[in-house]
Amino acid sequence: MISIVIVDDHAVVRSGLTMLLNAVHDFEVVGEASEGDEAYEQVEQKSPQVVLMDLSMPHGKDGLSATSEIKKQFPATQILILTMHDDEEYLFRAIELGASGCILKNAPHDELVKAIRQVAGGDAYLYPSATKRLMEDYMEKIRNDRKADSYRLLTDREREVLALVAKGFSNKEIASKLIISVKTVEAHKARVMEKLKLKTRPELVEYAWKRGLLGYSI
């Protein structure tokens, strides 16, 4: 039997979810709460396997704060975020704080049942659009990490050229500053672009900004 605590500031939502979930043969709603402090007390008293946690509860402690506190004290309790809005910023913050996933309030009943079973079993659950965004963010992080690692491949001179190009200096100006030929500047710039897998000057400027190189002084 999977024990569940429902946390939502609307009594009608809690009542409806309780009826739906208690109708599932292996589910039991053991408690309800209207805000975060009540949620903590319910978890402390009932030791549920899963907490269905609303994020927005204006009349008490919010879902993010409650998620953080519950996971710190009761790490075995799985928290499934229940939200009306497809708000990825709050979703990813909730996951960072220990939530096992998120489901939209307008999701079909069978999808909610699936999500609860999934997190109760120790797995994560995300609705499809959130999964897509999470994968996109993950791939972007990998790309950025690879570029960051590539920075170590640059010579000191190439790093100087990179910083100056990003600051908007022309090849001739860079050559004058570094006391090298324009042709040498062009060669350094080409190697920088190749090592960092960059194709355009805007990409180079963005990279330099993320690396904090625009404050580089010559």
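Rule-based calculations on the coordinates, nothing more; no lab input. Here the structure is a predicted model, which means the values were calculated and not measured. Ideal geometry is used to build each Cβ from the backbone, glycine not excepted, and the neighbour counts take in all protein chains shown.
With a cut-off of 8 Å between alpha carbons and a minimum separation of six or more residues, what is the relative contact order of the chain in percent?
Once divided by the residue count of the chain, the mean separation gives 13 percent.
Tell me, Kirkwood radius of the stretch 154-215 from alpha-carbon pair distances, in Å?
11.3
By its C-alpha gyration tensor, with a ≥ b ≥ c as the square roots of the eigenvalues, how is the stretch 3-78 shaped: rounded for a/c under 1.5, else prolate for a/b larger than b/c, else oblate?
The shape class here is oblate.
Quick check for you: which residues of the stretch 185-202 have the amide N under 14 Å from the point 7 Å beyond the Cα of Lys177 toward its beta carbon?
185-186, 189
Tilt of helix 156-166 relative to the longest C-alpha principal axis of the chain, in degrees (0 to 90, nearest 10)?
Relative to the chain, helix 156-166 is tipped by roughly 80 degrees.
If you fit an axis through the alpha-carbon atoms of helix 128-150 and take the longest principal axis of the Cα set of the chain, what angle between them do you get, 0 to 90°, nearest 10?
For helix 128-150, the angle is close to 30 degrees.
Enter the angle in degrees (range 0 to 90, nearest 10) between the Cα long axis of helix 182-195 and the first principal axis of the Cα atoms of the chain, meaning the one along which they spread out most.
20
Can you match semi-axes √(5λ) of the Cα gyration tensor in Å to one of these, [x] 37, 19, 15; [y] 54, 16, 14; [z] 35, 23, 14, based on a calculation from the structure here?
Calculated semi-axes √(5λ) of the Cα gyration tensor in Å: the matching label is [y].
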